[in-house]
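The values are calculated or read from the model by the stated rules, or taken from the named source; none is laboratory data. These numbers were taken from a predicted model, which means no experiment stands behind them. Don't worry about glycine lacking a Cβ; one is built from the backbone with ideal geometry, like all the others, and counts go over all protein chains shown.
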Amino acid sequence: MHFAMFEQCREIAASMIGLKSHEVSFCSCSSEAYNLLSSALDLNADQEVVISDLDFPAGTTPWLRASRTPRVRLWRSLATGRLELADLRDLLNNNTRLVQVSLVSFYNGFRLDWDGLVELVKSKAPQAILAVDVTQALGRVSFDCTAADFIVSSTHKWGLGIHGSCVVGVPERRWDELTTHAGGWFHIVNAFGPDRFVAAEPKPGVESFSVGMPNFVSIYALNASLRFLEGIGIAKIEKYSNDLTHSLSTELKGLGINLLAPFELHRPTGIVAFRHPKAEQIYEYLLRSGIHVMYHAGRLRISVHFYNTEDDLRKILNCLHDWFSKTE
């Protein structure tokens, strides 16, 4: 019964990211997924990896911790919060083995020009694996990342799942290159065979990323949540939520708040973020008012999804108006 649910969840997850069911599997979290990707690639010091400063640590640190550390090149964002493809161009070459990006940045909500990125990587670094984290997009924005060689998404964000699972997608065309070297049992073909103490043969490609017993609680939750979102329609969710995001961004700008990714300069997503010298005090004031936003190291992040309403945003804005009027 549990394994039947595992297959059902593969089906809906694959549909949501544009792959076939057999090209999708699950591991415990994005950190595990990227460490397993590092195992599969087995890079050396003569090879290069490109990461960006808008990516989450799970997608950037495995290359810094590899037993044979590749050369890591950093694609830096501009003061406007965006990543320019022109700045990536000079980082790509025939030694580039991996380009790791987030479709939507957890940090400021910036959304990449995906089609332009794919074209540039293919032309300047044709041997590179293109990996993309869609954690901040899945369930919230419409996207097509089927040109990627590796797709990963945590399940507890916009997809409305819970912690303990991660969607991993590897198109079949890349299975020969992207099969992990990890031990375990669930992904091992001969885990209980007579030769199991002599050799361990992994399942090829994406199934090699499911190294142990699946977290079935998380799988059940994800299957239900993704089918719920599919029933509403991602395009409908995106349109409704973007309208709210635009309204929120406009009013924050009216308060003199400079967004880390100004709405008018970027494709909208569900994240509205800003820094402030007194961000921690603002965060505590919002909490005391019953409003929950994210705070980290001077940065406040407001996330807008389909279940939010204009009243929700008005409460946030009224609290911010009150705080600024009392402190200025």
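Remarks
- Residues that are surrounded by 15 or more Cβ atoms within 10 Å (Cβ to Cβ) and touching a Leu at 6+ places or on another chain (Cβ under 7 Å) within segment 254-275 comprise Leu259, Val272, Ala273, Phe274, listed in sequence order.
- In segment 232-245, the residues that are of a type in the set (Gly, Ala, Ser) and either assigned to a helix (DSSP H, G or I) or touching a residue at least 12 places away in the same chain (Cβ under 8 Å) (or both): Ala235, Ser241
- Residue satisfying condition, being closer than 22 Å to Glu177 by Cα and among the acidic types (Asp, Glu), within set Glu23, Glu7: Glu23
- Number of positions in segment 176-203 that are buried (at least 18 other Cβ atoms within 10 Å of the Cβ), within 24 Å of the chain's Cα centre (by Cα) and not polar (S, T, N, Q): 3
- In the set Ser38, Ser77, only one residue is within 19 Å of the chain's Cα centre (by Cα) and within 24 Å of Glu172 (Cβ to Cβ); that residue is Ser38.
- Residue list for segment 291-328, restricted to those being free of Cβ contacts under 8 Å to residues at least 24 places away in the same chain and of a type in the set (Gly, Ala, Ser): Ala297, Gly298, Ser325
- Checked against (1) buried (at least 21 other Cβ atoms within 10 Å of the Cβ); (2) farther than 27 Å from Gly18 by Cβ, Leu112 passes all but condition (2).
- Every residue from segment 139-175 that is part of a helix (DSSP H, G or I) and either buried (at least 24 other Cβ atoms within 10 Å of the Cβ) or under 12 Å from the mean Cα position of the chain (by Cα) (or both): none
- Unique residue being of a type in the set (A, V, I, L, M), in contact with a helix residue (DSSP H, G or I) (Cβ under 6 Å, 6 or more places away or on another chain), more than 23 Å from Val167 (Cβ to Cβ) and not in a loop (DSSP other than H, G, I, E, B) when the list is Leu74, Leu130, Leu92, Leu120: Leu120
- Which listed residue, of Val72, Val121, Val134, is hydrophobic (A, V, I, L, M, F, W, C), touching a residue at least 40 places away in the same chain (Cβ under 8 Å) and either crowded, with 24+ Cβ neighbours inside 10 Å or not assigned by TED's automatic domain parsing to the domain that holds Leu259 (or both): Val134
- Within segment 39-57, the only residue that satisfies the criterion of being in a helix (DSSP H, G or I) and either among the basic types (Lys, Arg) or closer than 22 Å to Arg76 by Cα (or both) is Pro57.
- Given (1) in contact with a Cys (Cβ under 8 Å, 6 or more places away or on another chain); (2) on the phi > 0 side of the Ramachandran plot, number of the condition Gly290 does not satisfy: (1)
- Near pairs, Cβ below 7 angstrom, 6+ apart or cross-chain, from segment 203-231 (under 17 Å from Ile162 (Cα atoms)) to any residue that is of a type in the set (S, T, N, Q) and part of a loop (DSSP other than H, G, I, E, B): Asn215/Ser28; Asn215/Ser165; Ser218/Thr155; Ser218/Ser165; Ile219/Ser165; Leu222/Thr155; Leu222/Ser165
- Search result, residues across segment 194-215 that are among the aliphatic types (A, V, I, L, M) and either out of contact with any His (no Cβ under 9 Å at 6 or more places or on another chain) or closer than 15 Å to Arg174 by Cβ (or both): Val198, Ala199, Ala200, Val206, Met213
- Taken together, the residues in segment 249-263 that are assigned to a helix (DSSP H, G or I), over 11 Å from Ala273 (Cα atoms) and of a type outside the set (Asp, Glu) amount to 3.
- Ala224 being modelled with pLDDT of 95 or more and either basic (Lys, Arg) or surrounded by fewer than 20 Cβ atoms within 10 Å (Cβ to Cβ) (or both): yes
Residues checked against (1) within 22 Å of Asp113 (Cα to Cα); (2) at pLDDT 95 or above; (3) out of contact with any Pro (no Cβ under 6 Å at 6 or more places or on another chain); (4) buried (at least 16 other Cβ atoms within 10 Å of the Cβ):
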{"residue": "Ala33", "(1), (2), (3), (4)": "no, yes, yes, yes"}
{"residue": "Ala45", "(1), (2), (3), (4)": "no, no, yes, no"}
{"residue": "Pro62", "(1), (2), (3), (4)": "no, yes, yes, yes"}
{"residue": "Ser67", "(1), (2), (3), (4)": "no, no, yes, no"}
{"residue": "Leu91", "(1), (2), (3), (4)": "yes, yes, yes, yes"}
{"residue": "Gln100", "(1), (2), (3), (4)": "yes, yes, yes, yes"}
